[in-house]
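Undergrad: Starting off with a structure, shown below.
The values are calculated or read from the model by the stated rules, or taken from the named source; none is laboratory data. Quick caveat: nothing in here was measured; it's all calculated off a predicted structure. Neighbour counts run over all protein chains shown; Cβ positions are idealised from the backbone, glycine included.
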Amino acid sequence: MADSIVMGVDGGNSTCRVVLADSKGRVLGYGKSGPASADGVDVETTTMHIHEAASAAWKDAGQSPQPVSASFWGMAGVVSEPDRDLIRKIVAGLKISDPNSLGIDHDIRIALSGGLGNQPGIALIVGTGCSCYGRSKTGYSLRVGGWGHILDDGGSSYYLGLEAIKAVVRSSDGRKSATSLTSHVLDHFGIDDVQEIMHQVYSKGAEKSVIAALAPTVLEEAQNGDAIASEIVIAGFDELATLVKIASARLGEDGKRLTITGGLAHSGDFFKNGLYQAIRDHVPNIQIQEPLLPSVLGAILLALEMIDPRPSAVFIPALLQSGGNIK
């Protein structure tokens, strides 16, 4: 096993990250590329970005690409067996991993692994979208939320942006009070009249990322005391805290530790403090822990688990020391 190399992959809605590590948990190489999510981009784009990120990781390691001994893939949107089959086909086509030592799950599984060092507990991802995942020491797991921006994602960046747009149009009809969000939403879309919003959203088909990009403005206006923005943010906190409450209740004693990750989760103290308070209001005895490792290194822990029976904690010091520049 001394010469074994493992791979961890974090395929998200905005980036694909790949890490290579040796059997002692020492990071050898790191690469990243564009989005590689099962439901966010097409198969060709996903395959291209996986190939680019893996090639960059091998280049960073100073080695020629070769099939690794084990790999774990945390891919956004992978929630069913057909999703996993799709990733298996991509991996087989690229010939970058031993198919007998290949783990595939959604990206929040690796967020939990990295955040709590592969220990039981709950992970909450809050970014453009959101999802909650819990796992017990017996291997029982559950996902709460994470149904995508059309069906779900309450409390995410997309949610905050969309609720801001809804509030602006309702304010224009008199169904909601005036809000400072109006001028910001008009500026965001480069328009002068609220009536033009329908064209932006429906005819032009505002992308998820464009709507989600309004989230920092909603948070800022809430901080500045705008009542409508505050209402949106507080409702978002409640949506997220409810995910954690349900996961914690279903996991019992293994649901008392939580780690939180994602771009919105780390957007500043205003969001963090409000979210933490909402979670503690819903689950008073929860322990909230800052992520120990980034998600892609959580994938490495899961890959190492396939070739080494020792506890994951054995590898964490090496990962922290050698992977300190990986976010």
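Undergrad: Please verify whether residue 15 is of a type in the set (S, T, N, Q) and either under 15 Å from residue 296 (Cβ atoms) or in contact (Cβ under 8 Å) with a residue 60 or more places away in the chain (or both), treating the condition exactly as stated. Give the steps one after another, and end with the answer.
TA: Details: of a type in the set (S, T, N, Q): yes; either under 15 Å from residue 296 (Cβ atoms) or in contact (Cβ under 8 Å) with a residue 60 or more places away in the chain (or both): yes.
In short, yes.
Undergrad: Sort through 234, 228, 260, 246 and tell me the only one that's touching a residue at least 24 places away in the same chain (Cβ under 8 Å), crowded, with 16+ Cβ neighbours inside 10 Å, over 22 Å from residue 111 (Cβ atoms) and assigned by TED's automatic domain parsing to the domain that holds residue 167. Give the derivation first.
TA: Working: 234 fails: crowded, with 16+ Cβ neighbours inside 10 Å; 260 fails: over 22 Å from residue 111 (Cβ atoms); 246 fails: over 22 Å from residue 111 (Cβ atoms).
So the residue among 234, 228, 260, 246 that is touching a residue at least 24 places away in the same chain (Cβ under 8 Å), crowded, with 16+ Cβ neighbours inside 10 Å, over 22 Å from residue 111 (Cβ atoms) and assigned by TED's automatic domain parsing to the domain that holds residue 167 is 228.
Undergrad: Okay, next question. Residues 69, 64: which one is crowded, with 16+ Cβ neighbours inside 10 Å and not acidic (Asp, Glu)? Break it down stepwise before answering.
TA: Working: 64 fails: crowded, with 16+ Cβ neighbours inside 10 Å.
Exactly one residue qualifies, and that residue is 69.
Results for (1) out of contact with any Cys (no Cβ under 9 Å at 6 or more places or on another chain); (2) β-branched (Val, Ile, Thr), shown as yes or no for each residue.
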residue	(1), (2)
95	yes, no
104	yes, yes
111	yes, no
114	yes, no
117	yes, no
144	no, yes
150	yes, yes
168	yes, yes
171	yes, no
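Undergrad: Hey, could you check the range 5-45 for residues that are crowded, with 19+ Cβ neighbours inside 10 Å and polar (S, T, N, Q) and say which is nearest to the chain's Cα centre (by Cα)?
TA: The qualifying residue nearest to the chain's Cα centre (by Cα) is 13.
Undergrad: A follow-up question, please. Tally time: how many residues in the range 264-289 are out of contact with any Ser or Thr (no Cβ under 7 Å at 6 or more places or on another chain), touching a residue at least 40 places away in the same chain (Cβ under 8 Å) and closer than 22 Å to residue 76 by Cβ?
TA: Of the residues in that region, 4 qualify.
Undergrad: Run down 197, 234 and say which single residue is in a helix (DSSP H, G or I), within 23 Å of the chain's Cα centre (by Cα) and among the aliphatic types (A, V, I, L, M). Outline the logic, then answer.
TA: Details: 197 fails: within 23 Å of the chain's Cα centre (by Cα).
Step by step, each of 197, 234 is checked, and only 234 is in a helix (DSSP H, G or I), within 23 Å of the chain's Cα centre (by Cα) and among the aliphatic types (A, V, I, L, M).
Undergrad: If you scan the range 258-284, which residues turn out to be outside any helix (DSSP H, G or I) and out of contact with any helix residue (DSSP H, G or I) (no Cβ under 9 Å at 6 or more places or on another chain)? Steps first, answer last, please.
TA: Within the range 258-284, the first condition is being outside any helix (DSSP H, G or I), and the residues that meet it are 258-268, 283-284.
Result: 284, single match.
Undergrad: Restricting to the range 108-126, what's the tally of residues that are within 14 Å of residue 304 (Cα to Cα) and not in a helix (DSSP H, G or I)?
TA: From the range 108-126, those within 14 Å of residue 304 (Cα to Cα) are 110, 113-114, 117-118; that's our starting set.
So of that shortlist, the ones also not in a helix (DSSP H, G or I) come out as 117-118.
Number of matching residues: 2.
Undergrad: In the range 92-107, which residue that is outside any loop (DSSP other than H, G, I, E, B) and in contact with a Pro (Cβ under 8 Å, 6 or more places away or on another chain) is surrounded by the most Cβ atoms within 10 Å (Cβ to Cβ)? It would help to see each step written out before you state the result.
TA: Filtering the range 92-107 down to residues outside any loop (DSSP other than H, G, I, E, B) leaves 92-94, 97, 99-105, 107.
Those still in the list that are in contact with a Pro (Cβ under 8 Å, 6 or more places away or on another chain) too: 92, 97.
On the way: 92: 12, 97: 24.
Selected residue: 97.
Undergrad: Return the only residue of 313, 299, 278 being over 16 Å from the mean Cα position of the chain (by Cα), crowded, with 20+ Cβ neighbours inside 10 Å and not polar (S, T, N, Q). Explain how you work it out, then say what you get.
TA: Numbers: 313 fails: crowded, with 20+ Cβ neighbours inside 10 Å; 299 fails: over 16 Å from the mean Cα position of the chain (by Cα).
On inspection, the qualifying residue turns out to be 278.
Undergrad: Another question about this same structure. Say whether the condition of being at pLDDT 95 or above, under 17 Å from residue 239 (Cβ atoms) and assigned to a loop (DSSP other than H, G, I, E, B) is met by at least one residue in the range 293-311.
TA: No, because not a single residue in the range 293-311 is at pLDDT 95 or above, under 17 Å from residue 239 (Cβ atoms) and assigned to a loop (DSSP other than H, G, I, E, B).
Undergrad: Just to check your reading of the model, which residue among 170, 143 is surrounded by fewer than 19 Cβ atoms within 10 Å (Cβ to Cβ) and assigned to a helix (DSSP H, G or I)? Steps first, answer last, please.
TA: On the way: 143 fails: assigned to a helix (DSSP H, G or I).
Within the list 170, 143, the selection yields 170.
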